[in-house]
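Accompanying notes for the structure given below.
Read-outs throughout are calculated quantities, based only on the coordinates presented, and are distinct from any laboratory measurement. The structure displayed is predicted, hence computed values, not measured ones.
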């Protein structure tokens, strides 16, 4: 075996230890976990406001090292994917990206936006630093509890998008009807459909700050219907996630105990 191929396989065993039947974390895995936690700690401390300028510069360099390390990790994972016959050559690497699209997206968001600013020599804005929290999802590779959560979110994306679309449609339509019902009675408070949408979202979520509320009979009827529909609309994503979570638990039980799926329920027979 060529030295490069041996290096590729050795790195694959370090990065993808579970694929080789190893239950614990490898030294490389532990380093990556440490970088993830260090990155979150740096974000929590907010060096720009909490420490002296000299220390902030040290933290700045540490974060740059973390960004580069995650970029190297991404490239390394793409390279060692070639040890699997399904993912060899360019077409195989594209198949690997498609097959692991969720974690690939997490890996890219963990370093790519900040790396672009680093290459351009620009300071990272506040909203970009918030993306560092996405690095927590990288822990799903190493700890079963995180993996369960990430797989649940991944499997729920399509139905969640449908639920979010339904909620957004209800929100907009409620805003339009509330505008038509309330604009004439209180034009100073509901001067546009946008103002009515604020009232509709407060009604939809049953928060009700009290700054705007319907005063006409038609507006109150519409708001009442929206409040009732809002209970189901807000609860729908929770049910989707709960169902996907239970499915993940059952699938893991089947992997641990293959006979559990075919075993009759207690009391039968």
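Some notes on this structure:
- Rounded to the nearest 500, the helix-only mean residue ellipticity at 222 nm of the chain stands at -23500 deg cm²/dmol, with each DSSP H run of n ≥ 4 adding -39,500 (n - 2.57).
- Cα pair distances exceeding 20 angstrom across segment 158-260, given as percent: 47
- Degrees between helix 193-204 axis and first principal axis of the chain (Cα, 0 to 90, nearest 10): 80
- With contacts taken as Cα pairs under 8 Å at a separation of at least 6 residues, the chain carries a relative contact order of 14 percent.
- Kirkwood Rh in Å, taken over all unlike Cα pairs in segment 3-142: 16.3
- Extension gain, residue 105 to residue 93, is 2.8 nm, computed as 0.36 nm per intervening residue step minus the present C-alpha separation.
- Mean shadow area of segment 68-223 over all directions, Cα convex hull, nm²: 14.0
- Evaluated at q = 0.09, 0.15 Å⁻¹: base-10 log I(q)/I(0), Debye formula over Cα of the chain: -0.68, -1.13
- Kirkwood hydrodynamic radius of segment 85-155, Cα pairs, Å: 13.8
- Cα long-axis angle, helix 217-256 against the chain (0 to 90 degrees, to the nearest 10): 20
- Segment 158-260, relative contact order [Cα under 8 Å, separation at least 6], %: 28
- Nearest-ten-degree value, helix 3-15 long axis tilted from longest Cα axis of the chain: 40
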